[in-house]
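The values are calculated or read from the model by the stated rules, or taken from the named source; none is laboratory data. In this text, all values refer to a predicted model and were calculated from it rather than measured experimentally. Methodologically, a virtual Cβ is constructed for each residue, glycine included, from the backbone with ideal geometry; neighbour enumeration extends over all protein chains shown.
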Amino acid sequence: MGTLKTFLDSKKISPKQVHTTSKRIEMWDSASRTLLVKRFVKRGNKELATKKYAELDIAKPQQMGRGVSQRQVEAAMAEKPVARKVRTKILRAVNTILTAKKETAVDMKALFEGSKHRPGKKPKDEKAAAKK
């Protein structure tokens, strides 16, 4: 039994709750959409392309656009390796549920202590060196 599973069981939070909460809080809102459009326009404009986002006051949107799926929640509960973004989305959803229940928010270690992470993509330089 994993850390996430025992934590969710102790707080009486179901995987379905985590899925629906994540879906709700990760959806794009109008402010996030305008930030995405500004970032897209900046990349397409040759004059603005050399400037940094901070110089133009264009922040990253808070939402990621897509919530965590129920299959991903169940995989994390079964201690299967999941990506860092998935763990972050699960953490945000669990903290939203806990604050709604008027309980204190938790950190990543409380949910995923000792669980394996899914390795990301290797840098392109290492791939080229491995082929030679």
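Of the residues in the range 33-72, how many are under 16 Å from ARG84 (Cα atoms), at pLDDT below 90 and in contact with a Lys or Arg (Cβ under 7 Å, 6 or more places away or on another chain)? So the count comes out to 1. The requirement of being within 30 Å of ALA76 (Cα to Cα), out of contact with any His (no Cβ under 9 Å at 6 or more places or on another chain) and acidic (Asp, Glu) is satisfied by ASP29. Considering the range 1-26, the residues that are of a type in the set (A, V, I, L, M) and out of contact with any Ser or Thr (no Cβ under 6 Å at 6 or more places or on another chain) include one that is nearest to GLN72 (Cα to Cα), namely VAL18.
Annotation note: Cβ proximity below 9 Å between a residue of the range 53-71 that is on the phi > 0 side of the Ramachandran plot and assigned to a loop (DSSP other than H, G, I, E, B) and a residue that is surrounded by 13 or more Cβ atoms within 10 Å (Cβ to Cβ) and aromatic (Phe, Trp, Tyr) (sequence gap 6+ or interchain) occurs for GLY65/TRP28.
Got a sec? Which of LYS42, LYS85 is part of a helix (DSSP H, G or I), farther than 16 Å from THR6 by Cα and in contact with a Phe, Trp or Tyr (Cβ under 9 Å, 6 or more places away or on another chain)? Within the list LYS42, LYS85, the selection yields LYS42.
One residue alone among LYS116, LYS124 is without any contact (Cβ under 8 Å) to a residue 24 or more places away in the chain, charged (D, E, K, R) and over 14 Å from PRO15 (Cα atoms), and that residue is LYS124.
Under the condition of being surrounded by fewer than 13 Cβ atoms within 10 Å (Cβ to Cβ) and either acidic (Asp, Glu) or in contact (Cβ under 8 Å) with a residue 12 or more places away in the chain (or both), the residues counted in the range 1-52 number 6.
Summed over the range 81-116, residues that are of a type in the set (D, E, K, R) and under 17 Å from LYS16 (Cβ atoms) total 3. Scanning the range 2-39 for residues that are in a loop (DSSP other than H, G, I, E, B) and more than 13 Å from ILE97 (Cβ to Cβ) gives GLY2, MET27, TRP28, ASP29. Are any of the residues in the range 49-68 more than 25 Å from SER32 (Cβ to Cβ), more than 17 Å from the chain's Cα centre (by Cα) and of a type in the set (Asp, Glu)? Checking the range 49-68: not a single residue is more than 25 Å from SER32 (Cβ to Cβ), more than 17 Å from the chain's Cα centre (by Cα) and of a type in the set (Asp, Glu).
Among residues of the range 77-100 being surrounded by 16 or more Cβ atoms within 10 Å (Cβ to Cβ), in contact with a Gly (Cβ under 8 Å, 6 or more places away or on another chain) and modelled with pLDDT under 95, the one that is nearest to SER115 (Cα to Cα) is GLU79. What about THR104, is it more than 21 Å from PRO15 (Cβ to Cβ), at pLDDT 90 or above and exposed (fewer than 11 other Cβ atoms within 10 Å of the Cβ)? Yes: the conditions hold for THR104.
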